[in-house]
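Below you'll find the structure, written out as structure tokens, and then a few comments.
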């Protein structure tokens with residue numbers, strides 16, 4: 001059923017107020033004094049920004065912790081009331097729709113999966129709206145309104161227009177996804193590239209909290225990358241950014257599906273690893289699970305394929321680090337299942353490639369199942385709701 | 001002689017006022033209506049920001065162009081009065097100090113060069129202060145105060161601390177350059193990495209005006225890169241960023257001075273090209289001028305070295321474009337002297353590497369002699385003066 005609640009207007013009018021809310025959201029509970037320190041605003045500006053948020057119920061004072069303000073300003077830490085509003089995040093893979101209902105703090109309340117066999121836009125969109133409506137009904141049962149829907153799709157996605165220009169995994173071109181889902185659900189819909197959405201969630205609620213510069217590198221069917229530079233998710237002037245999978249790292253490397261030679265993805269994607277194992281071992285390896293088994297059993301050709309993939313990923317991370325100098329690189333994606341097979345090669349290749357102080361960048365891993373990607377889509381919807389869209 | 005003028009306080013108190021001034025500075029003359037459009041501020045906010053700048057003489061109304069404001073707001077375009085304040089920019093190369101006197105619009109009034117033979121910090125700093133004092137005297141002759149000095153040095157420079165951590169070309173380590181030059185000149189001194197300083201000048205006064213995302217790639221003795229993402233010059237969390245020269249692009253490539261294999265700089269720097277030509281032709285080629293001559297005379301080994309350099313630069317630009325999606329890449333540096341020899345190879349390699357819409361990035365060249373790099377240092381000083389330092 002479509003939403004019967006009216007979408008509310010979020011009471012934040014200035015960039016300063018927005019900065020205050022985002023800081024409370026991602027780092028709270030925090031006292032106003034600490035909020036002033038972290039946002040670089042005056043205490044008066046913080047107090048002024050917090051007041052309407054408390055009045056509207058989005059921010060609450062936490063319990064008195066015994067500290068009394070000597071100058072009359074409230075000393076209690078403030079935090080976001082996650083239950084004040086709900087959001088829906090949807091991730092579309094090549095064969096499945098995953099939808100989550102989250103609260104305003106992007107905590108997952110419910111997750112639903114629905115596989116599909118045809119990638120026809122109308123069918124997949126039908127599935128997206130069906131799952132969304134189920135979650136809207138669930139939210140109504142909780143007595144809290146859903147304030148927005150986010151949908152994350154891999155490929156070239158224009159968030160401001162709400163259009164999927166090209167999604168190779170789905171074979172979609174120029175689908176006005178936001179408009180179509182919004183027409184069915186009567187809710188504001190934010191469409192974004194899936195890695196970018198995941199990066200927003202990591203920035204506000206995950207491994208990037210407190211980092212002005214970090215990268216999320218996803219390994220698996222493709223090799224993707226979300227970049228945060230100076231506190232903002234990079235989108236690029238033409239909608240393309242973070243294409244770490246297409247960094248040219250080896251002129252003698254295999255030809256990539258993009259047409260270029262020696263791309264990271266042509267060496268380190270699941271299908272590239274499979275192809276190499278088939279060639280080197282002569283075995284008709286069916287899928288990544290079988291490839292992993294072979295490598296874990298010590299088959300030389302299989303181990304070598306993972307080693308070369310690890311090297312390529314490490315060199316690519318070296319390139320990101322030398323260009324942008326992030327504090328942290330978070331490696332994730334379904335390819336993490338093979339992490340023990342390429343961890344050492346990633347580390348060595350990164351160490352060799354990182355220039356000077358850039359090597360101080362921390363490289364970590366973080367398993368992020370597809371529910372987390374759907375949660376990223378919810379984070380994009382939260383961003384829209386609080387009026388903090390990227391420009 | 002040290003400055004006898006008191007350094008003024010620039011009348012900009014808020015981020016909005018700063019955005020207004022920078023827009024007038026880099027894109028003026030502009031009407032207040034157009035300023036409001038470009039900054040995204042209200043007309044009232046623009047008028048409020050402009051008033052104190054006019055009162056202090058930094059901004060002036062241009063001649064009445066016949067347009068009358070119907071709602072009572074002044075309709076005349078405003079522009080920065082360049083002659084209101086002067087700045088000094090200094091670029092230190094491996095064997096020369098170049099100093100320029102610029103106005104507030106970063107237009108060069110005078111340029112001075114002084115070669116040096118010893119790179120001892122005390123000697124070079126003595127030369128920097130001597131040139132600076134000559135230019136201060138010249139400014140006094142013009143009756144305008146110098147409000148700041150910028151010094152640009154290649155290598156790992158911590159702008160906020162004013163310290164050159166490591167400059168390989170000069171062999172300097174941990175030199176408190178800002179403090180030393182400031183003690184001698186009695187002026188605020190801003191020290192920055194030379195490519196970053198050049199990028200600031202390009203952003204505000206050069207080939208990057210109006211671009212939210214662009215890159216400056218410098219080719220020559222080293223291969224450097226300044227990056228502007230979402231309107232800000234990238235500095236990195238550990239002081240390292242834009243190290244395009246150390247992107248790993250060929251596992252079979254030559255060993256780089258940084259210790260890694262197949263860096264762009266190991267293939268495309270002046271010395272890498274020279275080394276390759278000597279190896280391939282067996283001739284004791286003395287310098288880049290001779291190498292250029294050989295290539296222009298059609299010597300196969302020499303032409304090949306430039307072709308490989310062009311390919312490496314093109315692939316590196318492809319990497320930047322795939323990660324960051326800039327609108328424009330500006331190629332500059334003393335290596336442009338060989339541009340006819342590698343232009344085609346840059347273009348082809350970039351075209352092959354650029355992914356999807358990222359290929360729409362415009363790749364241009366712009367000769368920027370060392371005076372322009374010194375001007376970049378002046379731009380960094382202007383940034384400090386107007387209170388718009390990077391965070």
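The values are calculated or read from the model by the stated rules, or taken from the named source; none is laboratory data. Please read these numbers as outputs of a predicted model, since none were measured by experiment. Quick reminder, even Gly has a Cβ in these numbers, built from the backbone with ideal geometry, and neighbours come from all protein chains shown.
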- [ ] Return yes when residue A:144 is crowded, with 16+ Cβ neighbours inside 10 Å, in a strand (DSSP E or B) and in contact with a helix residue (DSSP H, G or I) (Cβ under 8 Å, 6 or more places away or on another chain) and no when it is not.
- [x] no
Task: Filter result (at the interface with chain A (Cβ under 7 Å from one of its Cβ atoms) and either within 18 Å of residue B:317 (Cβ to Cβ) or surrounded by fewer than 23 Cβ atoms within 10 Å (Cβ to Cβ) (or both)) within the stretch B:240-259 - done: B:241, B:242, B:243, B:244, B:246, B:247, B:248, B:249, B:250, B:251, B:252, B:258
Open item on the list: Which of the numbered conditions does residue B:210 fail, given that it passes all the others? Conditions: (1) out of contact with any strand residue (DSSP E or B) (no Cβ under 9 Å at 6 or more places or on another chain); (2) surrounded by 23 or more Cβ atoms within 10 Å (Cβ to Cβ); (3) assigned to a loop (DSSP other than H, G, I, E, B).
Closed with: (2)
Task: Hits in the stretch B:37-56 - residues which are surrounded by 12 or more Cβ atoms within 10 Å (Cβ to Cβ) and either under 24 Å from residue B:209 (Cα atoms) or modelled with pLDDT under 90 (or both) - done: B:37, B:38, B:39, B:41, B:43, B:45, B:46, B:47, B:49, B:50, B:53, B:54
Task: Residue list for the stretch A:267-291, filter: within 14 Å of chain B (Cβ to nearest Cβ) and more than 25 Å from residue A:192 (Cα to Cα) - done: A:267
Task: Complete set of residues in the stretch B:213-230 that are assigned to a loop (DSSP other than H, G, I, E, B) and touching a residue at least 24 places away in the same chain (Cβ under 8 Å) - done: B:213, B:219, B:220, B:221, B:222, B:223
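To keep it simple, each residue is scored yes or no on (1) at pLDDT 95 or above; (2) in the same structural domain as residue A:108 (by TED's automatic domain parsing).
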position	(1), (2)
A:327	yes, no
A:359	no, no
A:379	yes, yes
A:390	no, no
Task: Where residue A:290 falls short, out of the listed (1) under 28 Å from the mean Cα position of the chain (by Cα); (2) outside any loop (DSSP other than H, G, I, E, B) - done: (1)
Open item on the list: Among the residues that make up the stretch A:14-36, is at least one of them over 19 Å from residue A:208 (Cα atoms), modelled with pLDDT under 85, over 23 Å from the mean Cα position of the chain (by Cα) and not in a helix (DSSP H, G or I)?
Closed with: yes
TODO: Select from the stretch A:190-214 the residues that are at pLDDT 95 or above, over 13 Å from the mean Cα position of the chain (by Cα) and within 12 Å of chain B (Cβ to nearest Cβ) and list them in ascending order.
DONE: A:213
Task: Selection count, the stretch A:220-239, where residues are surrounded by fewer than 22 Cβ atoms within 10 Å (Cβ to Cβ) and more than 7 Å from chain B (Cβ to nearest Cβ) - done: 3
Open item on the list: When you check residue A:174 against the structure, is it within 14 Å of another protein chain (Cβ to nearest Cβ) and either touching a residue at least 60 places away in the same chain (Cβ under 8 Å) or in contact with a strand residue (DSSP E or B) (Cβ under 9 Å, 6 or more places away or on another chain) (or both), yes or no?
Closed with: yes
TODO: Could you grab me the full set of residues in the stretch B:180-189 that are out of contact with any strand residue (DSSP E or B) (no Cβ under 8 Å at 6 or more places or on another chain) and either assigned to a helix (DSSP H, G or I) or within 14 Å of another protein chain (Cβ to nearest Cβ) (or both)?
DONE: B:180, B:183, B:184
Open item on the list: Looking only at the stretch A:343-391, how many residues end up being free of Cβ contacts under 8 Å to residues at least 60 places away in the same chain, under 18 Å from residue A:217 (Cβ atoms) and assigned to a helix (DSSP H, G or I)?
Closed with: 14
Task: Conditions (1) at the interface with chain B (Cβ under 7 Å from one of its Cβ atoms); (2) within 21 Å of residue A:268 (Cα to Cα): number failed by residue A:217 - done: (1)
Open item on the list: Take residue A:333 and tell me if it is more than 30 Å from residue B:225 (Cα to Cα), in contact (Cβ under 8 Å) with a residue 12 or more places away in the chain and in contact with a strand residue (DSSP E or B) (Cβ under 9 Å, 6 or more places away or on another chain).
Closed with: yes
- [ ] Keeping to the stretch B:349-386, report how many residues are surrounded by fewer than 18 Cβ atoms within 10 Å (Cβ to Cβ), more than 13 Å from chain A (Cβ to nearest Cβ) and more than 15 Å from residue B:90 (Cα to Cα).
- [x] 4
